[in-house]
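Peer 1: Let me begin by handing over the structure; questions about it come next.
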Amino acid sequence: MSHYTAVATATGRDGRAFSSDGKLDVTLALQKELGGTGDGTNPEQLFAAGYAACFATSMQLVAQKKKIDVSGMSVTAEVGLVPNGQGGFRLEVVLRTKLPESLPREAGRELIEATHQVCPYSHATRGNIPVELLAG
């Protein structure tokens, strides 16, 4: 497998983020909930999209190896920005995986857990922020 490095630059929460190849170029804005305008995306939304995509792709690979059909599955990531009690903030994540109804509940739970062991985002967050795994 080849190596890949994504390169992106940001000018701040009220600014712009863009990738070196020009495929990503978004306006950033502080969330209304935090006193901003909310007129752009934010780092938590970008992280949620990345984690959801990575987890879904990892699940497809794990399911293929286990010969499980996960056609139609989806992953929704909820990334919370919560006060850390020390004047700053920390992240917390809930991953909601929608699996095919034909997949038995216990098999689905095992698949989600196995995916959490191989997903690169899960590796990066493990031990650093709380990640809750939910099916349904």
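Peer 1: Residues in segment 97-109 that are surrounded by fewer than 17 Cβ atoms within 10 Å (Cβ to Cβ) and assigned to a strand (DSSP E or B): how many?
Peer 2: Summing the residues that are surrounded by fewer than 17 Cβ atoms within 10 Å (Cβ to Cβ) and assigned to a strand (DSSP E or B) in segment 97-109 gives 1.
Peer 1: Among the residues of segment 1-33, which ones are more than 18 Å from the chain's Cα centre (by Cα), assigned to a loop (DSSP other than H, G, I, E, B) and within 24 Å of R90 (Cβ to Cβ)?
Peer 2: Hits for segment 1-33 are T11, G12, R13, D14, A29, L30, Q31.
Peer 1: Got a sec? Which of G50, G80, G36 is part of a strand (DSSP E or B) and under 30 Å from F18 (Cβ atoms)? Quick ask: steps written out before the conclusion?
Peer 2: Details: G50 fails: part of a strand (DSSP E or B); G36 fails: part of a strand (DSSP E or B).
Answer to the selection: G80.
Peer 1: A further question follows. Can you tell me which residues in segment 110-136 are surrounded by 16 or more Cβ atoms within 10 Å (Cβ to Cβ), in a helix (DSSP H, G or I) and either over 17 Å from the mean Cα position of the chain (by Cα) or not polar (S, T, N, Q) (or both)? Reasoning before the result, please.
Peer 2: Residues of segment 110-136 that are surrounded by 16 or more Cβ atoms within 10 Å (Cβ to Cβ), as a first pass: 111-112, 114-116, 119, 121-122, 125, 131, 133.
Those left that are additionally in a helix (DSSP H, G or I): 111-112, 114-116, 121-122, 125.
Passing the criteria: L111, I112, A114, H116, Y121.
Peer 1: Do we have V75 as farther than 30 Å from T41 by Cα, β-branched (V, I, T), out of contact with any His (no Cβ under 7 Å at 6 or more places or on another chain) and buried (at least 19 other Cβ atoms within 10 Å of the Cβ) here? First the steps, then the outcome.
Peer 2: Working: farther than 30 Å from T41 by Cα: no; β-branched (V, I, T): yes; out of contact with any His (no Cβ under 7 Å at 6 or more places or on another chain): yes; buried (at least 19 other Cβ atoms within 10 Å of the Cβ): yes.
So V75 does not fit the description; no.
Peer 1: Condition test on A29, is it more than 16 Å from G136 (Cα to Cα), touching a strand residue (DSSP E or B) at 6+ places or on another chain (Cβ under 8 Å) and modelled with pLDDT of 95 or more? Steps first, answer last, please.
Peer 2: Details: more than 16 Å from G136 (Cα to Cα): yes; touching a strand residue (DSSP E or B) at 6+ places or on another chain (Cβ under 8 Å): yes; modelled with pLDDT of 95 or more: yes.
For A29, the condition - more than 16 Å from G136 (Cα to Cα), touching a strand residue (DSSP E or B) at 6+ places or on another chain (Cβ under 8 Å) and modelled with pLDDT of 95 or more - is met.
Peer 1: So which residues in segment 1-50 are under 23 Å from S74 (Cβ atoms) and touching a helix residue (DSSP H, G or I) at 6+ places or on another chain (Cβ under 8 Å), if there are any at all?
Peer 2: V26, G50
Peer 1: Can you tell which of A56, A77 is among the aliphatic types (A, V, I, L, M), under 30 Å from R105 (Cβ atoms), assigned by TED's automatic domain parsing to the domain that holds A124 and touching a Ser or Thr at 6+ places or on another chain (Cβ under 9 Å)? Let's see the steps before the verdict.
Peer 2: On the way: A77 fails: touching a Ser or Thr at 6+ places or on another chain (Cβ under 9 Å).
After ruling out the rest, the residue left standing is A56.
Peer 1: Further, regarding this structure: Six or more apart or on different chains, Cβ atoms under 8 Å: show the pairs whose first residue is in segment 1-26 and within 25 Å of D39 (Cβ to Cβ) and outside the structural domain of F47 (by TED's automatic domain parsing) and whose second is surrounded by 11 or more Cβ atoms within 10 Å (Cβ to Cβ) and basic (K, R).
Peer 2: So the pair list comes out as A10/R16; D25/R16; V26/R16.
Peer 1: Can I ask one more? Looking for whichever is over 26 Å from H3 (Cα atoms), part of a loop (DSSP other than H, G, I, E, B), free of Cβ contacts under 8 Å to residues at least 60 places away in the same chain and aliphatic (A, V, I, L, M) here; the options are V70, V94. Which one fits? Before the answer, list the steps.
Peer 2: Values: V94 fails: part of a loop (DSSP other than H, G, I, E, B).
Among V70, V94, only V70 is over 26 Å from H3 (Cα atoms), part of a loop (DSSP other than H, G, I, E, B), free of Cβ contacts under 8 Å to residues at least 60 places away in the same chain and aliphatic (A, V, I, L, M).
The values are calculated or read from the model by the stated rules, or taken from the named source; none is laboratory data. Because the structure is a prediction, the values reported are computed rather than measured. Don't worry about glycine lacking a Cβ; one is built from the backbone with ideal geometry, like all the others, and counts go over all protein chains shown.
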